[in-house]
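A short write-up of the structure that comes next.
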Amino acid sequence: MKHIYTSLDIGSDTIKIVVCELYKNKLNLLASSSFKSKGIKKGLIYDVNLAKECIKNAFLEIEDMLGIKIKKVIASIPSFNAEYQIVKSNIKINSEDKIITSDDVIKALEVAFKSNAFNTREMVTMLPIDYSIDDKAFIKNPKGVYGNTLGCRAVLVTTPKKNVYSVISLLESIGIDVIDISLNNIGDLYSFNNKDLEEKVGAIINIGGEITDISLYNKGILVKSSIINMGGKNIDNDISYMYKVDLPSAKKLKLKFALAHKKNASMNDIIEVKSAYDSNLKINQFEISEIVESRLEEILNEAKKEINLLTSRKIDYIIITGGTSNMQGIEYVVNDVFGSFASIGNVKMLGLRDNIYSSCIGNIVYFISKLKLKEQDYSMISDEEINALTLNDSNKIDASNNMLGKMFDFFFSE
């Protein structure tokens, strides 16, 4: 069986879809698409018909690339009002040989979940912290170990039910089955995680179109998150206001001409555009970069305040991602606000070196890790459909040294 997975990120600015194949512990990029969003504001669906139409068009675009129909996806859901609760459980090992298996691990996590009842919230996932076997604690991987009892500690992630069902019902209405759900801040971690980060406390800042997600991680586990209501569109609005151009033109100026920091911008680099008053306007790169830099500093300083509210502990790393993090010169703004211990994320998949897809790719890696823990063999596309695909062996990301080799996540059927 070939193992192919599709991930969907429903953003305020764009709908992102990534399709990958896992082969010999490497992810091959098969197709990716970024489609303009409609009916979605600040990460939430406010107009179902508009959102349905643009998501449907996004799938048509990716299906044209692949030559097959996408029927199953991993879907990101809004992280608004997400809660993170530490839960515990303890079970007896009933097998004759007393060797702990993946079934025992899943049962322990299942018991921890079922001991917490929710009326208005829905479980997104559980993130195991560690396990105990008899009188031994702080075990990361208990599988294959002898023991009479197995205990676990995990972070139970929940969101309001409407966050989940608004996405699932919309996708089901266009014939897409949601196989798994995740939060984008879980995907971001799995895009950038490595062994070094698993021993540290850190944060990831994802600058989206209308919102910026701030997520706190302790030893590779998501423990808290927050949202600020600013993003890339605020920069577009600033440029539009200052130069009296429409928003599409302002966004184009941001992406194609401005720099994120004035350090390397040129006073002599001039672009001519039409203003709203139909007059010719000359813009130099230095001035427009000052506008961008000012807003980016504000966004990052607000994110810095949120991190300080989320924890009083020393932060060992900060990673900046999201579409805005692709801007040339943003590393200088990040260094001005946070210092040298903060860095720009780097999506390492060949053919898709764009941080706008970090959550999408990471959610595939996260889903695969859950499959491995449960020891399941699964693909979202049938063998018959796979025969229609042409795989590009050069587009690979080697996951053998990081996320895929570490089984810290799980899922279980209701």
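The values are calculated or read from the model by the stated rules, or taken from the named source; none is laboratory data. Note that the structure is a prediction, hence the values are computed from the model and not measured. Cβ sites come from the backbone with ideal geometry, for glycine too, and all protein chains shown count toward neighbours. We work out accessible area using only protein heavy atoms, side chains counted, and drop any ligands, DNA or RNA first. Shrake-Rupley method; radii C 1.70, N 1.55, O 1.52, S 1.80 Å.
Restricting to the range 16-35, and then to whatever is more than 18 Å from the chain's Cα centre (by Cα) and not aromatic (Phe, Trp, Tyr), can you tell me which residue is surrounded by the most Cβ atoms within 10 Å (Cβ to Cβ)?
Of the range 16-35, the ones more than 18 Å from the chain's Cα centre (by Cα) are 21-26, 28, 30.
Restricting the remaining residues to those that are not aromatic (Phe, Trp, Tyr) gives 21-22, 24-26, 28, 30.
On the way: Glu21: 22, Leu22: 19, Lys24: 8, Asn25: 14, Lys26: 16, Asn28: 22, Leu30: 24.
Residue satisfying both the conditions and the ranking: Leu30.
Pull up the range 71-81, narrow it to residues that are in a strand (DSSP E or B) and over 11 Å from the mean Cα position of the chain (by Cα), then point me to the one that is nearest to Val124 (Cα to Cα). Before you say what the answer is, go through the steps one by one.
Quick first cut of the range 71-81, residues in a strand (DSSP E or B) only: 72-76.
Filter once more, keeping what is over 11 Å from the mean Cα position of the chain (by Cα): 72-74.
Numbers: Lys72: 18, Val73: 15, Ile74: 12 Å.
My answer is Ile74.
When Val73 is evaluated against the numbered criteria (1) out of contact with any strand residue (DSSP E or B) (no Cβ under 7 Å at 6 or more places or on another chain); (2) surrounded by 19 or more Cβ atoms within 10 Å (Cβ to Cβ); (3) more than 27 Å from Asn229 (Cα to Cα), which criterion, by number, is the only one it fails?
(1)
Look at Leu60 and say whether it is part of a helix (DSSP H, G or I) and either in contact with a Cys (Cβ under 7 Å, 6 or more places away or on another chain) or open to solvent by 50 Å² or more (accessible area, probe 1.4 Å) (or both).
Values: part of a helix (DSSP H, G or I): yes; either in contact with a Cys (Cβ under 7 Å, 6 or more places away or on another chain) or open to solvent by 50 Å² or more (accessible area, probe 1.4 Å) (or both): yes.
Yes.
Just one of Glu384, Glu375 is touching a helix residue (DSSP H, G or I) at 6+ places or on another chain (Cβ under 6 Å), surrounded by fewer than 18 Cβ atoms within 10 Å (Cβ to Cβ) and modelled with pLDDT of 50 or more; which is it?
Values: Glu384 fails: touching a helix residue (DSSP H, G or I) at 6+ places or on another chain (Cβ under 6 Å).
Every option except Glu375 fails the conditions.
In the list Asn335, Asn308, which residue meets the criterion of being closer than 23 Å to Asp238 by Cα and either surrounded by fewer than 19 Cβ atoms within 10 Å (Cβ to Cβ) or out of contact with any helix residue (DSSP H, G or I) (no Cβ under 7 Å at 6 or more places or on another chain) (or both)?
Matching residue, one of Asn335, Asn308: Asn335.
In this structure, is Tyr146 modelled with pLDDT of 95 or more, open to solvent by less than 50 Å² (accessible area, probe 1.4 Å) and not charged (D, E, K, R)?
Numbers: modelled with pLDDT of 95 or more: yes; open to solvent by less than 50 Å² (accessible area, probe 1.4 Å): no; not charged (D, E, K, R): yes.
Considered against the rule, which asks whether it is modelled with pLDDT of 95 or more, open to solvent by less than 50 Å² (accessible area, probe 1.4 Å) and not charged (D, E, K, R), Tyr146 comes out as no.
How many residues are assigned to a strand (DSSP E or B), of a type in the set (Val, Ile, Thr) and either in contact (Cβ under 8 Å) with a residue 60 or more places away in the chain or more than 23 Å from Leu222 (Cβ to Cβ) (or both) if we restrict to the range 133-167?
Taking the range 133-167 as the starting set, the residues that turn out to be assigned to a strand (DSSP E or B) are 133, 136-139, 146, 149-160.
Those still in the list that are of a type in the set (Val, Ile, Thr) too: 133, 139, 149, 155, 157-159.
Filter once more, keeping what is either in contact (Cβ under 8 Å) with a residue 60 or more places away in the chain or more than 23 Å from Leu222 (Cβ to Cβ) (or both): 133, 149, 155, 157-159.
Count: 6.
Testing Lys263 on (1) over 27 Å from the mean Cα position of the chain (by Cα); (2) buried (at least 20 other Cβ atoms within 10 Å of the Cβ), one condition comes back false. Which one is that?
(2)
Kindly indicate the residue of the range 115-140 that is open to solvent by 40 Å² or more (accessible area, probe 1.4 Å), touching a strand residue (DSSP E or B) at 6+ places or on another chain (Cβ under 8 Å) and polar (S, T, N, Q) and also nearest to Val167 (Cα to Cα) among those meeting that condition.
The qualifying residue nearest to Val167 (Cα to Cα) is Thr120.
When residues of the range 237-260 are filtered for being open to solvent by 90 Å² or more (accessible area, probe 1.4 Å) and either of a type outside the set (A, V, I, L, M) or assigned to a loop (DSSP other than H, G, I, E, B) (or both), how many remain?
Applying the first criterion (open to solvent by 90 Å² or more (accessible area, probe 1.4 Å)) to the range 237-260 yields 241-242, 248, 252, 255-256.
Okay, now just the ones that are also either of a type outside the set (A, V, I, L, M) or assigned to a loop (DSSP other than H, G, I, E, B) (or both), so 241, 248, 252, 256.
Qualifying residue count, the range 237-260: 4.
When the residues of the range 351-363 are filtered to those that are free of Cβ contacts under 8 Å to residues at least 40 places away in the same chain and within 18 Å of Asn193 (Cβ to Cβ), which remaining residue is most open to solvent (accessible area, probe 1.4 Å)?
Filtering the range 351-363 down to residues free of Cβ contacts under 8 Å to residues at least 40 places away in the same chain leaves 353-355.
Those still in the list that are within 18 Å of Asn193 (Cβ to Cβ) too: 353, 355.
Numbers: Arg353: 146, Asn355: 8 Å².
Filtering the range 351-363 for residues that are free of Cβ contacts under 8 Å to residues at least 40 places away in the same chain and within 18 Å of Asn193 (Cβ to Cβ), the one most open to solvent (accessible area, probe 1.4 Å) comes out as Arg353.
Within the range 219-229, is even one residue buried (at least 22 other Cβ atoms within 10 Å of the Cβ) and either part of a helix (DSSP H, G or I) or among the acidic types (Asp, Glu) (or both)?
No, because not a single residue in the range 219-229 is buried (at least 22 other Cβ atoms within 10 Å of the Cβ) and either part of a helix (DSSP H, G or I) or among the acidic types (Asp, Glu) (or both).
Could you run through the range 82-121 and say how many residues are assigned to a loop (DSSP other than H, G, I, E, B), without any contact (Cβ under 8 Å) to a residue 12 or more places away in the chain and not acidic (Asp, Glu)?
Qualifying residue count, the range 82-121: 4.
Among the residues of the range 324-350, write down those that are without any contact (Cβ under 8 Å) to a residue 40 or more places away in the chain, touching a strand residue (DSSP E or B) at 6+ places or on another chain (Cβ under 7 Å) and in a loop (DSSP other than H, G, I, E, B).
Phe341
Of all residues in the range 189-204 being surrounded by 21 or more Cβ atoms within 10 Å (Cβ to Cβ) and in a strand (DSSP E or B), which is nearest to the chain's Cα centre (by Cα)? So that I can check it myself, show each step before the final result.
If we filter the range 189-204 for residues that are surrounded by 21 or more Cβ atoms within 10 Å (Cβ to Cβ), which is where we start, we get 189-193, 202-204.
So of that shortlist, the ones also in a strand (DSSP E or B) come out as 202-204.
Details: Gly202: 16, Ala203: 13, Ile204: 10 Å.
This residue is Ile204.
Could you pull out the residue among Lys263, Lys195, Lys254, Lys244 that is within 30 Å of Thr159 (Cβ to Cβ) and in contact (Cβ under 8 Å) with a residue 12 or more places away in the chain? Write out each step before concluding.
On the way: Lys263 fails: within 30 Å of Thr159 (Cβ to Cβ); Lys254 fails: within 30 Å of Thr159 (Cβ to Cβ); Lys244 fails: within 30 Å of Thr159 (Cβ to Cβ).
Only one candidate passes the filter, namely Lys195.
Can you tell me which residue in the range 168-188 is farthest from Val124 (Cα to Cα), limited to those that are assigned to a strand (DSSP E or B) and touching a helix residue (DSSP H, G or I) at 6+ places or on another chain (Cβ under 7 Å)? Step through it out loud before you land on a result.
So in the range 168-188, the residues assigned to a strand (DSSP E or B) come out as 177-182.
Now restrict to residues that are touching a helix residue (DSSP H, G or I) at 6+ places or on another chain (Cβ under 7 Å): 178, 180-182.
Details: Val178: 13, Asp180: 9, Ile181: 6, Ser182: 6 Å.
Of everything passing the filter in the range 168-188, Val178 is farthest from Val124 (Cα to Cα).
Only one of these is surrounded by fewer than 20 Cβ atoms within 10 Å (Cβ to Cβ) and of a type in the set (Val, Ile, Thr): Ile174, Ile181, Ile186. Name it.
Values: Ile181 fails: surrounded by fewer than 20 Cβ atoms within 10 Å (Cβ to Cβ); Ile186 fails: surrounded by fewer than 20 Cβ atoms within 10 Å (Cβ to Cβ).
When all the criteria are applied, what remains is Ile174.
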